[in-house]
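Below you'll find the structure, written out as structure tokens, and then a few comments.
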Amino acid sequence: LLRLGTTGIVASVLPVPDEATRRLMEALHRELATGAGLADALDAARATLDPARDADLVASWAFQVLGAG
């Protein structure tokens with residue numbers, strides 16, 4: 001996708017729990033809607049999850065930004 005002109009990708013490098021991923025992606029898109037860059041939006045979205053919950057912890061660290069952040 002990067003070779004085709006996509007400037008950035010958020011991708012999981014591990015299997016992720018559905019519900020925690022949904023919450024993370026909703027927060028990510030809210031941040032992107034404010035004009036945040038991809039890396040900053042992912043960082044802010046991670047902060048919305050509860051690290052004491054295993055599923056949230058996995059989802060928050062399984063996703064990486066590739067390309068321009």
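The values are calculated or read from the model by the stated rules, or taken from the named source; none is laboratory data. These numbers come from a predicted model, not from an experiment. Virtual Cβ from ideal backbone geometry, glycine too; neighbours counted across all protein chains shown.
Within segment 13-38, the residues that satisfy the criterion of being of a type in the set (A, V, I, L, M, F, W, C) and either surrounded by fewer than 12 Cβ atoms within 10 Å (Cβ to Cβ) or in a loop (DSSP other than H, G, I, E, B) (or both) are Val13, Leu14, Val16, Ala33, Ala36.
Among the residues of segment 1-12, what is the count of those that are under 17 Å from Gly37 (Cα atoms) and either assigned to a strand (DSSP E or B) or modelled with pLDDT of 95 or more (or both)? Total meeting the criteria: 4. The number of residues in segment 53-64 being surrounded by fewer than 16 Cβ atoms within 10 Å (Cβ to Cβ) and charged (D, E, K, R) comes to 2. Quick check on Asp43: is it among the acidic types (Asp, Glu), under 8 Å from the mean Cα position of the chain (by Cα) and either modelled with pLDDT of 95 or more or not in a loop (DSSP other than H, G, I, E, B) (or both)? Taking the combined requirement at face value, the residue satisfies it. Asp50 falls short on exactly one of the conditions (1) touching a helix residue (DSSP H, G or I) at 6+ places or on another chain (Cβ under 7 Å); (2) touching a residue at least 12 places away in the same chain (Cβ under 8 Å); (3) surrounded by fewer than 14 Cβ atoms within 10 Å (Cβ to Cβ), and that condition is (2). Against the criterion of being without any contact (Cβ under 8 Å) to a residue 12 or more places away in the chain and out of contact with any helix residue (DSSP H, G or I) (no Cβ under 6 Å at 6 or more places or on another chain), Thr6 does not qualify.
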